[in-house]
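A.B. asks: Next up is a structure, given as structure tokens.
The values are calculated or read from the model by the stated rules, or taken from the named source; none is laboratory data. Predicted, not measured: the structure shown is a model, and the values here were computed from it. For neighbour counting, all protein chains shown are included, and Cβ atoms are generated from backbone atoms with ideal geometry for every residue, glycine included.
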Amino acid sequence: MNIFSEVKEHLTARKTAEYYGLKVRSNGTACCPFHDDKHPSMKIDKNYHCFACGVGGDAVDYVSRMYGLSQYDAALKLIEDFSLPVDTRGNTELGVQEKERIRREKAERERVIHIRKRFEKWCNRTVDILKNCILEIDSVNRFLIGKPPDIIFSEDYAQMLHAEPVINYWLDILCMGETADKQELFIRNRKEVEKLVQRVRSSGKRIMGENRGSA
Ligand SMILES: [Zn+2]
């Protein structure tokens with residue numbers, strides 16, 4: 001048995017309505033409190049029904065309509081106000097489950113917001129890093145003008161030349177691409193981007209550092 005049927009076991013609409021102030025005549029009629037009723041249009045006993053405005057229902061429904069409560073809160077109000085011996089613990093547990101569901105949904109929303117922020121931050125930072133890489137490749141290009149062929153054909157310089165179009169491709173995506181492409185890059189190629197940037201940096205350093213004196 002649920003709390004609604006338990007409450008109804010204990011209370012008629014009439015007893016309930018009278019408790020909350022409705023004057024019921026001995027013949028079981030009353031002026032309807034839900035519309036401007038001059039002559040008693042409401043018949044009330046176990047249930048109530050207004051023949052003028054058409055409302056009707058049981059004790060829980062009466063309280064729900066009277067106080068603007070949900071059926072559930074109306075039942076709880078009746079249990080409280082009439083000190084009914086109705087066990088509401090099962091329903092309290094439902095309340096706990098509901099709270100847990102709300103907590104989980106909130107956590108999930110925050111997780112999504114967190115990932116989105118991380119993604120946006122990563123995009124902005126990566127654009128800066130990749131632009132710096134291109135500048136670095138440019139300065140190595142200039143540095144190598146007039147340098148001997150063994151430096152120009154070094155593995156380090158080859159790495160940088162291979163990296164350049166890839167970096168430009170990533171920059172195109174990050175600066176002008178669709179969000180889905182940026183997300184794809186973030187999800188699948190984050191590590192690859194980091195590695196390539198590292199390789200370009202150390203190649204650049206080695207070329208410029210080791211050959212500073214040579215002309
Ligand atoms: Zn009415």
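A.B. asks: In segment 165-186, which residues are in contact with a helix residue (DSSP H, G or I) (Cβ under 9 Å, 6 or more places away or on another chain) and β-branched (V, I, T)?
C.D. replies: V166, I167, I173 - these are the residues of segment 165-186 that are in contact with a helix residue (DSSP H, G or I) (Cβ under 9 Å, 6 or more places away or on another chain) and β-branched (V, I, T).
A.B. asks: Against the condition in contact (Cβ under 8 Å) with a residue 60 or more places away in the chain and either surrounded by 11 or more Cβ atoms within 10 Å (Cβ to Cβ) or charged (D, E, K, R) (or both), how does T88 come out, does it pass?
C.D. replies: So T88 fits the description; yes.
A.B. asks: Sticking with this one: Residue check: is L174 surrounded by 15 or more Cβ atoms within 10 Å (Cβ to Cβ) and in contact with a Phe, Trp or Tyr (Cβ under 7 Å, 6 or more places away or on another chain)?
C.D. replies: Judged against the criteria, L174 is not a match.
A.B. asks: Here's something else I'd like to know. Can you go through Y48, Y62 and tell me which one is hydroxyl-bearing (S, T, Y) and touching a Lys or Arg at 6+ places or on another chain (Cβ under 8 Å)?
C.D. replies: Y48
Condition check ((1) assigned by TED's automatic domain parsing to the domain that holds R201; (2) surrounded by 12 or more Cβ atoms within 10 Å (Cβ to Cβ); (3) within 30 Å of V193 (Cα to Cα)) across all residues:
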residue	(1), (2), (3)
V96	no, no, no
R101	no, no, no
H114	no, no, yes
L130	yes, yes, yes
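A.B. asks: Given the conditions (1) more than 45 Å from the chain's Cα centre (by Cα); (2) in contact (Cβ under 8 Å) with a residue 12 or more places away in the chain; (3) within 16 Å of the ligand (Cβ to nearest atom), and given that F51 satisfies all but one, which numbered condition is not satisfied?
C.D. replies: (2)
A.B. asks: Additional query: Just to verify a result, which residue in segment 55-99, among those that are at pLDDT 80 or above and acidic (D, E), is nearest to N2 (Cα to Cα)?
C.D. replies: Once the filter is applied, the top-ranked residue is D87.
A.B. asks: Evaluate the following for L78: is it surrounded by 13 or more Cβ atoms within 10 Å (Cβ to Cβ), away from the ligand (no atom under 16 Å from the Cβ), part of a helix (DSSP H, G or I) and within 40 Å of the chain's Cα centre (by Cα)?
C.D. replies: So L78 fits the description; yes.
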